[in-house]
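Written below as structure tokens is the structure these notes are about.
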Amino acid sequence: MTPRVVEIVPLNISDKDLMSAIAAEITRIFPFQCRVGATERLPAELLDEKRGQYHATRILEHLAASDRTSFRVLGVTTLDIFTPILRYVFGEAMLEGRAALVSTYRLSTAPSGDDSPSNRSVFVSRVLKECIHELSHTFGLTHCDDPACVMAASLDMTHIDAKSTQLCYYCRIMLKDELNKN
Amino acid sequence: MRKKFRILVVDDELSIRISLGDLLRCDGYQVEVAESAESALEMLKTQSFDLLIVDVKMPGIDGLEMLERVKGDDPDTTVVMMTAYGSIDSAVQAMKLGAIDYVIKPFDPMKIGALVKRIFKNELMRREHRLLKHQVQVCCGYGPMIGQSPAMLKLFELVEDVSSTDSVVLITGESGTGKEVLARTIHEKSSRSNGLFVGVNFGAFTESLLESELFGYEKGAFTGANTSKKGLLEIASGGTFFLDEVGNASPKLQIDLLRVLQERKFRKIGGLRDEEVDFRVLAATNRDLEKAIEEGNFRQDLYYRLNVVQVHIPPLRERREDIPALAKHFLEVLRARLNKKTSVISPEAMQYLVAYDWPGNVRELENAIERALVVGKQKQVMPEDLPIVLHEPNGEPIDESLDSRERDYIARKLEQYEWNISRTAQALKIDRGTLYAKIKRYELS
């Protein structure tokens with residue numbers, strides 16, 4: 001049987017260390033292999049010129065429709081993304097679908113140029129949490145009321161920083177149930 | 001189990017329907033969408049929703065007109081209006097028409113999730129309030145405690161004494177004597193009257209259902225437990241917890257109850273931590289618990305926890321002087337409810353009422369008055385309006401005739417319902433546990 005693989009697709013981003021960290025975190029949480037694809041550029045039509053942001057739902061459709069062999073696709077981008085109903089989003093996923101997306105645009109800790117190790121560590125931690133969060137949505141997990149669970153809704157940076165990279169006990173059980181179904 | 005909240009999103013713009021639908025689904029809600037007010041109104045004819053999120057500006061029937069129609073059909077419907085073109089006028093109009101909120105698209109991520117969560121938190125409180133109100137109504141269905149007999153005056157005195165304390169009270173008495181009403185009275189007179197009165201009947205539900213209702217459960221505790229649920233023990237905290245027909249509690253529930261009473265703590269099903277509770281405990285039973293202990297059917301340690309103060313309600317046959325006042329009270333209450341003009345009980349009918357032994361006690365008396373009002377054609381209740389059983393002579397001495405009469409009556413009903421326990425218990429207006437106990441006692445099986 002072909003092993004199930006999660007593919008990370010860097011979109012307009014070339015941070016190899018970050019991609020490796022995400023891949024390591026995914027294989028820690030999920031029982032899948034993970035590979036990092038080549039950096040891709042987003043088609044210009046996915047930009048909403050009026051808002052100056054990229055349309056997250058359309059990016060997901062773009063990722064899901066592409067000819068890939070992996071059973072889950074996680075897009076990671078530096079671009080600012082939105083959904084029609086929200087001013088901005090940190091990430092977006094197809095609930096029980098194939099594709100998930102995370103934007104690092106609003107996750108940085110300090111004005112650009114501040115690359116101090118502590119700032120970098122906080123930034124990477126936020127990205128990892130959002131990646132696990134969005135990928136878990138593709139396995140049917142919904143938002144969790146436990147603020148420490150990675151599936152807690154992240155509405156601003158304080159929420160992201162307050163939660164761990166772990167699924168809580170109940171979300172772990174539900175993820176296991178979902179994986180057994182598939 | 002608490003159901004999943006259902007939301008209907010109504011917007012003519014596809015991208016809004018998709019993105020708002022996805023957003024809410026990720027929060028665990030069940031979401032349906034409609035592309036117009038017309039189609040939403042059609043859906044509302046066959047489906048019910050806990051919340052409608054409706055766009056103001058739509059072709060055809062617009063959002064405000066839809067709001068007006070929906071509120072006209074059901075004023076309790078919760079509606080949030082949304083618009084990309086906010087104006088103070090339309091906001092004011094939406095609120096006047098009964099919308100709960102008015103939001104501008106696109107939303108701030110912080111606001112929409114919190115708004116929906118707040119709405120459903122209030123909705124849950126409303127549901128719990130309704131549930132408890134219903135329980136209270138059921139409790140009070142037999143009317144207030146009425147009586148001038150020496151036995152009842154002594155009882156009222158005792159109730160006054162125990163109400164001011166926080167002691168556990170065990171209320172004993174035959175079926176239909178008004179044990180729930182008395183428990184409610186004690187709660188109302190106590191310092192916990194601002195808290196809730198939560199009652200559970202241990203004879204009415206299966207062990208597993210009772211367990212999840214009592215203790216609640218955590219998300220994921222079992223298949224289908226998508227959200228955590230508060231148990232009645234938690235809801236009762238701060239108020240009074242009433243254990244009705246506690247003699248029917250299963251051995252496992254008896255152990256669970258003992259732990260709650262001893263430690264004032266419990267753990268939700270699937271929970272990892274203990275929750276502390278603070279409520280007063282009142283319990284009631286129509287069983288002889290001391291006999292049940294001897295027979296090994298009731299835990300002695302639980303009995304000692306419950307039997308701190310015992311209050312016994314005498315059967316109606318032992319306080320016949322209270323029957324006229326009770327009968328008049330039920331006549332007043334029921335004639336208003338049934339819209340009947342009958343306003344008096346004739347002296348002849350009253351003689352029958354006082355002479356009868358009332359094995360079903362106050363509840364049976366209430367039923368007899370209701371029947372008389374339904375079948376009676378005159379302005380006063382006549383003997384012929386009363387149930388036929390009241391016209392049968394009391395032959396043997398009271399104690400023996402009561403038992404044999406009850407035995408015969410239950411046997412007849414069991415035959416009538418082909419030994420279907422649920423239907424027979426329903427017909428006799430007693431719970432299944434009590435019926436099983438009576439079958440055993442009278443060796444009917």
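Every residue in region B:270-297 that is among the hydrophobic types (A, V, I, L, M, F, W, C) and closer than 29 Å to B:Ser164 by Cα, please.
Listed by number, the residues that qualify are B:Val277, B:Phe279, B:Val281, B:Leu282, B:Ala283, B:Ala284, B:Leu289.
Looking for something of a type in the set (Phe, Trp, Tyr) and either loosely packed, with under 14 Cβ neighbours inside 10 Å or over 29 Å from the mean Cα position of the chain (by Cα) (or both) - is there at least one such residue anywhere in region B:78-88? So far as region B:78-88 goes, yes, one or more of its residues are of a type in the set (Phe, Trp, Tyr) and either loosely packed, with under 14 Cβ neighbours inside 10 Å or over 29 Å from the mean Cα position of the chain (by Cα) (or both).
Filtered by the rule that a residue be of a type in the set (S, T, N, Q) and under 21 Å from A:Gly140 (Cα atoms), region B:12-50 gives B:Ser19, B:Gln30. The C-beta contact set for region B:174-202 (first residue in the same structural domain as B:Asp322 (by TED's automatic domain parsing), second residue part of a loop (DSSP other than H, G, I, E, B), distance under 9 angstrom, 6+ apart or interchain) is empty. Taking the criterion of being surrounded by 14 or more Cβ atoms within 10 Å (Cβ to Cβ) and without any contact (Cβ under 8 Å) to a residue 40 or more places away in the chain, the residues of region B:428-443 that qualify are B:Leu428, B:Leu435, B:Tyr436, B:Lys438, B:Ile439, B:Tyr442.
Conditions tested, residue by residue: (1) at pLDDT 90 or above; (2) of a type in the set (D, E, K, R); (3) over 15 Å from the mean Cα position of the chain (by Cα).
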| residue | (1), (2), (3) |
| --- | --- |
| A:Gly97 | yes, no, no |
| A:Ala100 | yes, no, no |
| A:Arg106 | yes, yes, no |
| A:Val122 | yes, no, yes |
| A:Leu135 | yes, no, no |
| A:Ala153 | no, no, no |
| A:Ala162 | yes, no, yes |
| A:Cys168 | no, no, yes |
| A:Leu175 | no, no, yes |
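Residue pairs whose Cβ atoms lie under 7 Å apart, sitting 6 or more positions apart in sequence or on different chains, and linking a residue in region B:50-70 that is within 21 Å of B:Leu24 (Cα to Cα) and not assigned by TED's automatic domain parsing to the domain that holds B:Arg118 to a partner that is at pLDDT 95 or above and charged (D, E, K, R), do not occur here. Given the residues B:Gly238, B:Gly195, which is the only one that is of a type outside the set (S, T, N, Q), touching a helix residue (DSSP H, G or I) at 6+ places or on another chain (Cβ under 9 Å), more than 14 Å from every other protein chain (Cβ to nearest Cβ) and within 25 Å of B:Phe120 (Cβ to Cβ)? Answer to the check: B:Gly195. Taking the condition more than 10 Å from chain B (Cβ to nearest Cβ) and either hydrophobic (A, V, I, L, M, F, W, C) or outside any helix (DSSP H, G or I) (or both), does A:Leu107 pass? Against the criterion (more than 10 Å from chain B (Cβ to nearest Cβ) and either hydrophobic (A, V, I, L, M, F, W, C) or outside any helix (DSSP H, G or I) (or both)), A:Leu107 qualifies. Residues in region B:214-235 that are within 14 Å of chain A (Cβ to nearest Cβ), among the β-branched types (Val, Ile, Thr) and in contact (Cβ under 8 Å) with a residue 24 or more places away in the chain: B:Thr227 alone.
For B:Lys45, the conditions (1) surrounded by 15 or more Cβ atoms within 10 Å (Cβ to Cβ); (2) more than 9 Å from every other protein chain (Cβ to nearest Cβ) all hold with the exception of (1). Within the set of pairs 6 or more residues apart or between chains, which connect a residue that is over 18 Å from A:Ile81 (Cα atoms) and at the interface with another protein chain (Cβ under 7 Å from one of its Cβ atoms) inside region B:106-118 to a residue that is modelled with pLDDT of 85 or more and assigned to a helix (DSSP H, G or I) with Cβ atoms less than 7 Å apart? Listed pairs, sorted by first residue: none to list.
Close Cβ contacts (under 6 Å, 6 or more residues apart or on different chains) running from residues in region B:257-279 that are within 14 Å of chain A (Cβ to nearest Cβ) to residues that are of a type in the set (A, V, I, L, M) and surrounded by 16 or more Cβ atoms within 10 Å (Cβ to Cβ) comprise B:Ile269/B:Ala221; B:Gly270/B:Ala221.
Every listed requirement among (1) modelled with pLDDT under 95; (2) among the aliphatic types (A, V, I, L, M); (3) under 23 Å from A:Gly140 (Cα atoms); (4) in contact with a strand residue (DSSP E or B) (Cβ under 7 Å, 6 or more places away or on another chain) is met by B:Val9 save one, (1). The number of residues in region B:1-28 being within 14 Å of chain A (Cβ to nearest Cβ) and buried (at least 20 other Cβ atoms within 10 Å of the Cβ) comes to 14. Going by the conditions given, is A:Met19 surrounded by 16 or more Cβ atoms within 10 Å (Cβ to Cβ) and within 30 Å of B:Thr83 (Cα to Cα)? Criteria not met by A:Met19.
Only residues that are more than 11 Å from chain B (Cβ to nearest Cβ) and more than 18 Å from the chain's Cα centre (by Cα) were counted in region A:138-147, giving 1. Just one of the numbered conditions (1) within 30 Å of B:Leu282 (Cα to Cα); (2) part of a helix (DSSP H, G or I); (3) acidic (Asp, Glu) is not true of B:Asp357: (2). When residues in region B:124-156 are screened for being modelled with pLDDT of 80 or more and not in a helix (DSSP H, G or I), 4 of them pass.
The values are calculated or read from the model by the stated rules, or taken from the named source; none is laboratory data. Nothing here was measured: the structure is a model prediction, and the numbers come from that model. Note that we place each Cβ from the backbone using ideal geometry, even for glycine, and neighbour counts take in every protein chain shown.
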